[in-house]
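See structure below.
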Amino acid sequence: MMQPRIFFYVQHLLGIGHLARASRIATALAADGFDVTVVTGGTPVPGFPGPGIRTVNLPPVVTSDESFSGLADIEGNPVDDTFREMRCRMLIEAFRSCRPDIVILEAFPFGRRQMRFELLPLLDAIGGMSPKPFVVASIRDILQERTKPGRSEETVDLVNRHFDLVMVHGDPAFVTLGETFPLAREIEAKIAYTGLVAAPRPAPASQHFDVLISVGGGAAGRNLVESAVAGARNAPDGQTWGLITGPNFPKDAFETVLGETPPHLSIFRFRQDFASLLTGARLSVSQAGYNTVCDILRAGCRSLLVPFAAGGETEQTRRALGLQRLGLARVLNKEELNAATLAAAIHSALASKRKVHHLDLNGAPGTGRILRERLGLKQSLSA
């Protein structure tokens, strides 16, 4: 029997969280016997989508600011209609070349509205096929809350017209889709929870830190980096700190903090063994992005979260406060962040007891199981 072919679209615009989660899912699907092609549309990141995964790279776009109000090319130039038409054409050509049985769109239509210029034509092309591929929305457990009237209704309409399945990569014991998407009941029959998409248990840590600070992709973490460097100067004797700025942290700022580093603080731009380092850390200090939190939960270390909240973003704050309610993290709001408050929060977190969690972290292998079940059901109903 031929391997089911999957065409998996993912667009990261600021951080690397969307790409990292999609890469974990793609790797698990390939191991589960699916033939996977991942289409990426953001800045290339070393190590992603992962070894052995067939990849199509569209000309990269990024967000022009932290509010996600516009798109720019990799040189920072605003994206124009010619660029959009070129990307759309390349995406549809890649889709036709793949001839997939399953199409997975990461985030859309619950997010990534900026990419409608290429995703709506792709969905139209899919709709004109016979037989039509099985179409899946792949979304994280907590969505950015909508403030503009009609957005949720538009999403429901797109799901009903184009999608067969909405895979929510979360544990409903922690949060349900309805908590951040008020019309979830209208698409309830299409929703399936996979569990949180955490990486497999990592190898033992090659280095050990009392405090391991990370800033995701790094594009939006300058205040945390600078507060960490300043706070580290007053750390107790013998305490070791590690700081990972992220590959997108500005080069000039990286050079500046390198020149201000106290001896017990090790600074890295990127560590592919980040998940492994967490297992050897007494405390993780980070933003509250989906993938980082999954890595922290897998490692079982103490956690201090400083959620990203610029541009009206609510997702990370909701996740951080939810984990704090379960006793699985402490939270320091971005507005309160400086060297003194960070040092005090670190001291308090290090003195706290670790708490064991029971959340489902098997969302990556769970994805393949759910796809086979739903695809098999659809085929049996149409037979």
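The values are calculated or read from the model by the stated rules, or taken from the named source; none is laboratory data. The model shown is predicted, which means the values in this text are computed figures rather than measured ones. Reconstructed Cβ throughout: ideal geometry from the backbone, glycine too, with neighbour counts over all protein chains shown. Heavy atoms of the whole protein, side chains included, go into the accessibility calculation; ligands, DNA and RNA do not. Shrake-Rupley method; radii C 1.70, N 1.55, O 1.52, S 1.80 Å.
R0 = 22 Å: FRET efficiency of residue 340 with residue 251, Cβ-based, nearest 0.05? Show your work: numbers first, answer last.
Working: r = 28 Å, r/R0 = 1.27.
Approximately 0.20, to the nearest 0.05.
Could you pull the Cα extents of region 188-256 along its three principal axes, largest to smallest, in whole Å?
Here the spans come out as 54, 30, 19 Å, largest first.
Taking the solvent-accessible surface of protein heavy atoms with a 1.4 Å probe, what is the per residue accessible area of region 39-111 in Å²?
Values: 3510 Å² over 73 residues.
Ligands and nucleic acids excluded, the figure is 48 Å² per residue.
What's the carbon and sulfur percent of region 240-383's accessible surface, probe 1.4 angstrom, rounded to a whole number? Let's see the in-between values first.
On the way: 3510 of 6530 Å².
C and S fraction of accessible area: 54 percent.
For region 245-383, what is the accessible area per residue in Å², given a 1.4 Å probe and the full set of protein chains? Don't skip to the end; give the middle numbers.
Working: 6460 Å² over 139 residues.
With all protein chains present, region 245-383 gives 46 Å² per residue.
Using only helices, what value at 222 nm comes out for the chain when you add -39,500 (n - 2.57) per DSSP H run of length 4 or more and divide by the total residues, to the nearest 500 deg cm²/dmol?
On the way: 11 runs with 136 residues, N = 383.
Result for the chain, helices only: -11000 deg cm²/dmol.
What does the net charge come to around residue 32 if you take all other residues with beta carbon closer than 12 Å to its beta carbon, with K and R at +1 and D and E at -1?
Details: positive: 369, 372; negative: 35.
Around residue 32, the charge tally is +1.
Would you work out if region 251-338 is rounded, prolate or oblate? Take a ≥ b ≥ c from the square roots of the eigenvalues of the alpha-carbon gyration tensor; rounded if a/c is under 1.5, else prolate when a/b is larger than b/c, oblate otherwise.
oblate
How much FRET efficiency would the formula 1/(1 + (r/R0)^6) give for residue 268 and residue 153, where r is the Cβ-Cβ distance and R0 is 56 Å, rounded to 0.05? Present the calculation step by step, with values, prior to reporting the outcome.
Working: r = 45 Å, r/R0 = 0.80.
It comes out at approximately 0.80.
Sorted by accessible area (1.4 Å probe), largest first, how do 97, 227 line up?
Details: 97 90, 227 5 Å².
Sorted by accessible area, descending: 97, 227.
In square angstrom, what is the accessible area per residue of region 134-190 with a 1.4 angstrom probe? Present the calculation step by step, with values, prior to reporting the outcome.
Details: 2490 Å² over 57 residues.
Here the residues of region 134-190 average 44 Å² of exposed surface.
In percent, what relative contact order does region 111-250 have, based on Cα pairs under 8 Å that are 6 or more apart in sequence? Don't skip to the answer; put the middle values down first.
Details: 152 pairs, mean separation 27.3, N = 140.
It rounds to 19 percent for region 111-250.
Can you give the Rg and Dmax of region 1-132 based on its C-alpha atoms, in angstrom?
For region 1-132, the Cα radius of gyration and maximum Cα-Cα distance read 14.5, 47 Å.
Based on the alpha-carbon gyration tensor of region 200-312 and its eigenvalue square roots a ≥ b ≥ c, which shape applies: rounded if a/c is under 1.5, prolate if not and a/b is larger than b/c, or oblate? Display every interim value, and only then the final one.
Details: a/c = 1.56, a/b = 1.11, b/c = 1.40.
Note, shape of region 200-312 comes out oblate.
What do you reckon, how do 295, 101, 164 stack up by accessible area (1.4 Å probe), largest on top?
Descending accessible area places them as 101, 164, 295.
Averaging sequence separations of C-alpha pairs under 8 Å and six or more residues apart, then dividing by the length of region 18-104, give the relative contact order as a whole percent. Each step should come with its number before you reach the end.
Numbers: 88 pairs, mean separation 17.3, N = 87.
That works out to 20 percent.
Suppose we look only past 35 Å in the calculated P(r) of the chain. What percent of the Cα-Cα pairs does that tail hold?
On the way: 18212 of 73153 pairs.
Taking all Cα-Cα pairs of the chain, the fraction more than 35 Å apart is 25 percent.
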